[in-house]
Every structure is written in C-alpha cells, then in structure tokens.
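Beneath this line is the structure, given in structure tokens, with notes to follow.
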Amino acid sequence: MKSKYVFLFLLLASSFALSAQIRYGFKTGLNFAHFTGPSETNDAGANLETWKNVTGFHIGATFSYHFTDNYGLRMELLYSKKGAKYTYDGQSYRIFRYSTGSTLSTGSSRYLINVNNSYIDIPLVGVARWGDFELSAGGYVSFLVGSVGDGSLRYSGKTAPPQEYQVKDKNTKKDELVFNLNYNYRKDDPGEGDNAQVVIAELGTRDVEMPKTLGAYFDYPEDKGNLFNGIDYGLTGGVSYYLSRTLYAGLRIQYGLADITNNNADLSKARVNSDGSLIYRADNDKNFAIQATIGFGF
C-alpha cells in the first residue's frame, strides 16, 4: 500500500516536471534534523534514549508552475543530509562471543552516536504568494542513498549468575570497556569491526578479544537487513520572503510519516529474553527537520 502511494506521488511529480511552462530555480541551505519516536526504558520505566539535532544541508533544483501570479505548484529535487545526535545511557547488557560459545553480562552502557543519513528528497508543494511573502505546503518522498554513524561506547557490568565476575579491560585494568563506533548502516556485516586495535575483556577466568572499533552490526549474530529503511515520506510546509523578484530566503518544516527504522534490525540495548536471545523493537521512528533556505528562480 505504501509503495502504491509513493508511485502515484512520483508519477504526479514527473508529469508536473515535464510541463512546458515550468520555471526553474536553485536552492540551498541548512537542515536541523533529529528523529522522533519512543525511547527504550529501563526496568524502572525511565527513558534511556535521546535524539538531538544534527546540522546537515540540502542543495538542488526547483521546478515551478504558476496557475496565476499568486498560486502555483513547485517540485524540488534535492540532495539532503539528515540524522540525529543519539544518546543511550543506562541499563544494558553485552554478549561476549568466542569460538566455543558466549557469555552474557549485564550492566550499563553509554552510546554517543552521530547518525548522518543522506537522501534524495522530492517535495511537491502548493504555493501561494502575497506581496513579498510566499506560503507553501504539501508532501515529500525521500530515497536513502547513504547512512553512516560515528561515536563511542562505554560499557561496565558483571557476567550473569551464577558466577558474577566484574568485566574488566585487561589492558587498562579498569572496570569499563571503551570502544570507538564507525558505522556504515548500508554496508557493514554482522560481527564486523576494525581489528587494527583490540580490547581484551577479562571475564573472570576467560579473556575475550574484541575490535577496538565496532561496526554497525557487530552485536548481531546474523544478517537482519539494514537498520534504516530506504524510503521516507511525509508532510512539508513553510514560508519564504522574497528579497528581490527572484531571490528569496525561507524556513520549512519536514514532518516524517514513515517508520524510518527496520523493525527486524532495531536491536534492544536494554535487555535480552530470559533464554539469552536478542530482542528487536517495533518502534515507529520518524524524521523531523527544520530547513533554512536561500534560493532563486528564473
């Protein structure tokens, strides 16, 4: 059903772009974007996740058709960078895997990840102009073309009962493991990391060697697909002020309606099942962005 609506949207946009009475333009500016959605909670019900704005940009072409001097339609073709500054802090676990099995530990994690998703945006909006001001409102479809993240992870905890050993970094002798995060959400494989440097986790009588830099799906025992879905869509609207006949500055909001995360790959960081199997979350995560633009039309 969603694919049908996207197809109809693109068909309308393509027909509009082929019109002989199109006026062309160019725009560029900044995106102030983050994700919206439910936070994972600890056993006491407190939120563990936050998403703050990340600054990106957009750039591309505009195609306008005017029914009158005041009313018309506009389609845009933009390269747009969105994402979020993601923080997870609190109740967590780690599964240490080795050739003969695995060891579960529980404790606390702090993830800091700058997520940067690159899209091809295709907004289609109706426009109404009065004097130097122009209002616009409509919808958009976006296609994900790049998805990366970078940051850090700190973990401290103990192995699961009956033998509750403190997890230690054998090299630093500290009760905390520290990792770098270098994610490519569209290319990384399960269990992938950079072994140029290693962290040796001391689990009582067992040592487990791990990459110092972890990939996006290092904790996944099998391929569950990409975390971020390939298509986003939603509503958009804003206001522009014309500095001259062709030059304008504007503000616009993009409010996503699509779930941008793949529920099959949205791994819980707080808990596992009673049998030690992983939990995947069916969260409805969405894009939200405020765009500051400067542009001109011919």
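The values are calculated or read from the model by the stated rules, or taken from the named source; none is laboratory data. Here the structure is a predicted model, which is why all the values come from computation and not from measurement. Reconstructed Cβ throughout: ideal geometry from the backbone, glycine too, with neighbour counts over all protein chains shown. Ligands, DNA and RNA are excluded from the accessible area calculation, which covers all protein heavy atoms including side chains. Shrake-Rupley method; radii C 1.70, N 1.55, O 1.52, S 1.80 Å.
Points to keep in mind about this one:
- Once the Cα atoms are used to define both axes, helix 2-17 deviates from the longest principal axis of the chain by about 40 degrees.
- From phi via Karplus (6.51, -1.76, 1.60), per-residue ³J(HN,Hα) for the stretch 258-268 in Hz, x at Gly/Pro: 8, 6, 8, 10, 7, 4, 6, 10, 8, 6, 5
- Contact order relative to length of the chain, as percent, for alpha carbon pairs under 8 angstrom and 6 or more apart: 18 percent
- Placing R0 at 41 angstrom, the Cβ-Cβ distance between Glu222 and Asp132 gives a FRET efficiency of 0.10 after rounding to 0.05.
- Reach of Lys52 by Cα under 16 Å, taken over lysines that are not fewer than 8 positions away in the same chain: Lys81, Lys82, Lys85, Lys286
- Other residues with beta-carbon under 9 Å from the beta-carbon of Asn31 carry, at +1 per Lys or Arg and -1 per Asp or Glu, a net charge of +2.
- Contact order normalised by residue count of the stretch 174-298, Cα under 8 Å, 6+ apart, percent: 20 percent
- For the stretch 22-61 versus the stretch 63-138, the inter-centroid distance based on Cα atoms is 4 Å.
- Rel. contact order, % - alpha carbon contacts under 8 angstrom, at least six apart, the stretch 111-264: 23 percent
- Rounded to whole numbers, the Karplus 3J(HN,Hα) couplings from phi for the stretch 288-298 are 9, 8, 10, 10, 9, 10, 10, x, 8, x, 9 Hz, using 6.51 cos²θ - 1.76 cosθ + 1.60 with θ = phi - 60°, and x at Gly and Pro.
- Per-residue ellipticity at 222 nm, computed for the chain from helices alone with -39500 (n - 2.57) per DSSP H run of at least four residues, works out to -2000 deg cm²/dmol.
- Heavy-atom accessible surface of the chain: percent carbon and sulfur, 1.4 Å: 55 percent
- Mean accessible surface per residue for the stretch 201-262, computed with a 1.4 Å probe while every protein chain stays in place, in Å²: 46 Å²
- Cross-link partners for Lys224 among the aspartates and glutamates, with Cα-Cα distance under 14 Å and sequence neighbours closer than 8 places in the same chain left out: Asp188, Asp189, Glu192, Asp266.
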